[in-house]
Amino acid sequence: MADLIRLFLLQGAFTKAKLQEIFGQELFSTLCSLGLLIQRGEDWASRIDLFAVAGLYVATDHRYMILPEDEIEEDVVMYVGMDSTGLVHTAPQYPANRVLDLCCGSGIQSLVASRYTKEVVGVDINPRAIRFARFNAQLNGISNTHFCLGNLYETTSGYFDTILANPPFVPSPSQECRFRDSGVAGEEILARIITESANHLAPLGKLFIVSDLVNIQQYESKLEQWWQGGAADKLVLSTADRNDILFSVPHCHTAFNQTWEQYNIELDEWLQNFHTSGLRTVNFGYILICQVDSTSKSSYYSRTIHNPNQPIHQYVQEYFQQRQLIQEQQINNYFLAMSPDLRFRLEISSTTGEREIELFSPNNPYFTTYQISEQMYRMLQDINHSQPKWETYATALNQNWLYELIYKGILYLSPQATTVKQNRRLKVPPSTEGLKIEELETKTTPTCISSYLH
Ligand SMILES: C[S@@+](CC[C@H](N)C(=O)[O-])C[C@H]1O[C@@H](n2cnc3c(N)ncnc32)[C@H](O)[C@@H]1O
């Protein structure tokens with residue numbers, strides 16, 4: 001395993017004898033004839049990186065094309081990054097007829113989607129990406145994916161239940177890295193994907209995108225402007241804002257062979273672009289849009305998560321279901337419950353005796369850490385213990401707080417009370433005075449070498 005990691009992820013080189021020992025004579029010859037193993041001086045190395053991800057093998061170009069034999073005349077195909085795996089963990093995983101994977105690159109999103117979809121179409125503007133994606137489908141024995149060369153929607157036909165996109169999304173002073181750069185403000189391709197999606201989505205279709213989020217406070221109005229698809233629930237999952245320095249520095253680090261002067265020149269370019277393009281902060285996260293029945297109201301909500309390193313798609317699906325439930329009259333017969341993934345953390349100052357209360361989840365990236373007031377703590381405890389019916393608990397005063405906690409996934413509506421504690425009776429819903437909850441930011445996806453070697 002260590003040798004395979006060195007060979008396929010760290011650009012290590014081995015003697016021919018060692019590789020023949022690892023693969024056997026015949027497979028070694030096959031890998032050489034495919035151009036997958038190549039000679040480096042006396043030794044042999046891999047021409048590609050191979051990621052083991054989501055139960056699949058995904059081959060793609062090296063993240064750092066730094067050796068003489070790495071030089072190619074085409075655009076490089078993107079490595080499997082934390083944005084790639086983040087979208088894998090967030091995208092819907094229930095049966096669908098057709099899924100479109102825009103900007104498919106190595107094909108990772110398509111390959112995962114093929115498990116629950118009759119037909120997946122992957123599109124990329126880079127011919128090398130299409131070849132990698134087709135190779136990866138074969139490598140994994142997948143036959144219901146079709147990869148087409150094209151500029152976003154230009155070559156697609158028909159309608160899709162879900163459109164997935166991990167587009168180039170970085171606001172950049174350069175246009176050199178075509179899998180990364182998306183204009184000086186980062187939204188060139190993102191805006192096109194959202195605006196044109198309505199012409200390609202089936203009724204009640206979904207659009208799931210991973211992207212940098214530039215000036216995140218403006219997303220409600222940006223989506224209002226870009227989205228042309230009628231009634232929809234829009235959810236933005238974000239991580240943390242990066243200012244000019246935090247955003248620019250990782251993009252200027254070149255792994256290996258960069259002088260201090262070169263680094264400084266690049267940093268100046270990125271900082272200047274940040275300032276002249278109207279960027280105030282660059283967050284990172286997910287834009288998720290679900291079309292709803294035309295009789296339903298549209299909604300927008302933005303909340304904080306940890307970039308998912310494990311599946312959160314069920315929680316995302318539940319968010320959209322709860323949204324719909326809240327619109328229905330039957331809500332009165334539903335019970336309120338608290339997510340079992342959450343924990344309280346109480347800290348008491350030894351000097352003042354003051355209590356600080358946090359709500360957090362030790363291992364569910366769908367939640368961040370929330371600082372809550374004493375009153376909020378008591379209300380959540382009450383709900384947790386008594387699992388009240390909506391009609392007995394919701395009042396004109398506390399209703400908006402309850403919605404807010406449902407949108408955050410902290411509370412949920414269930415057709416039945418789920419625990420034995422349900423018989424504990426609440427006298428009256430507590431007052432809403434002093435209720436407070438503050439969502440703390442999480443870490444953004446690092447774009448530096450440390451994330452690769454981690
Ligand atoms: C960030 S990579 C995503 C790769 C892959 N989907 C993943 O999740 O790892 C973006 C991809 O978009 C492709 N691309 C850039 N502009 C495009 C366009 N106008 N139409 C289609 N693909 C495009 C690039 O070639 C690149 O493969």
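Quick notes
- Ligands, DNA and RNA aside, Ser277 has an accessible area near 30 Å² when probed at 1.4 Å.
- The C-alpha atoms of segment 335-439 occupy a region whose extents along the principal axes are 43, 30, 26 Å, arranged from largest to smallest.
- Its Cα gyration tensor gives segment 242-363 an equivalent ellipsoid; the semi-axes, largest first and in whole Å, are 40, 26, 15.
- Estimated FRET transfer efficiency when R0 is 30 angstrom, pair Glu220-Glu391 (beta carbons, to 0.05): 0.45
- Scaled radius of gyration (Cα, divided by 2.2 N^0.38 Å) that segment 176-242 gives: 1.17
- Under the convention that each Lys and Arg Cβ holds +1 and each Asp and Glu Cβ holds -1, the size of the dipole of the chain around its Cα centre is about 1700 debye.
- Label-to-label distance for Ile245 and Leu10 is 3.3 nm, based on points extended 7 Å past Cα in the beta-carbon direction.
- Placing a label point 7 Å from the Cα of Asn332 along the Cα-to-Cβ direction, the residues of segment 383-409 with a backbone N closer than 13 Å are 390-394.
- Solvent exposure of segment 2-70 as accessible area per residue, Å², 1.4 Å probe: 50
- Listed peptides 257-270, 370-383, 388-401 by packing density, highest first (mean Cβ within 10 Å): 370-383, 388-401, 257-270
- Helical runs assigned H by DSSP (4 residues or longer) give the chain a calculated mean residue ellipticity at 222 nm of -9000 deg cm²/dmol, each run adding -39500 (n - 2.57) before division by the residue total.
- Neighbourhood charge, 12 Å Cβ-Cβ cut-off, centred on Val80 and excluding it, Lys, Arg +1 and Asp, Glu -1: -2
- When the residues Asp61, Asp161 are ordered by accessible surface, computed with a 1.4 Å probe over the protein chains alone, the sequence from largest down reads Asp161, Asp61.
- Percent accessible area from carbon and sulfur atoms, segment 92-234, protein chains only, probe 1.4 Å: 50
- Annotation: amide H-H contacts under 5 Å for Phe160 (H modelled 1.01 Å from N, sequence separation of 5 or more, or interchain): Leu201, Ala202.
- log₁₀ of I(q)/I(0) at q = 0.16, 0.28 Å⁻¹ - segment 2-70, Debye sum with one point per alpha carbon: -0.52, -1.45
- Peptide ranges 144-151, 178-185, 32-39 listed from the most packed, as the mean C-beta count within 10 angstrom indicates: 178-185, 144-151, 32-39
- Cross-link pairs beyond the 28 Å C-alpha cut-off, checked among Lys234/Lys436; Lys222/Lys408; Lys408/Lys443; Lys118/Lys234; Lys206/Lys436: Lys206/Lys436
- For the chain, the alpha-carbon coordinates run over 80, 58, 49 Å along the three principal axes, in decreasing order.
The values are calculated or read from the model by the stated rules, or taken from the named source; none is laboratory data. Being a predicted model, the structure only gives us computed values, none of them experimental. Neighbour counts are summed over all protein chains in view; Cβ atoms, including those assigned to glycine, are modelled from backbone coordinates with ideal geometry. These accessible areas exclude ligands, DNA and RNA; they are computed on the full protein's heavy atoms, side chains included. Shrake-Rupley method; radii C 1.70, N 1.55, O 1.52, S 1.80 Å.
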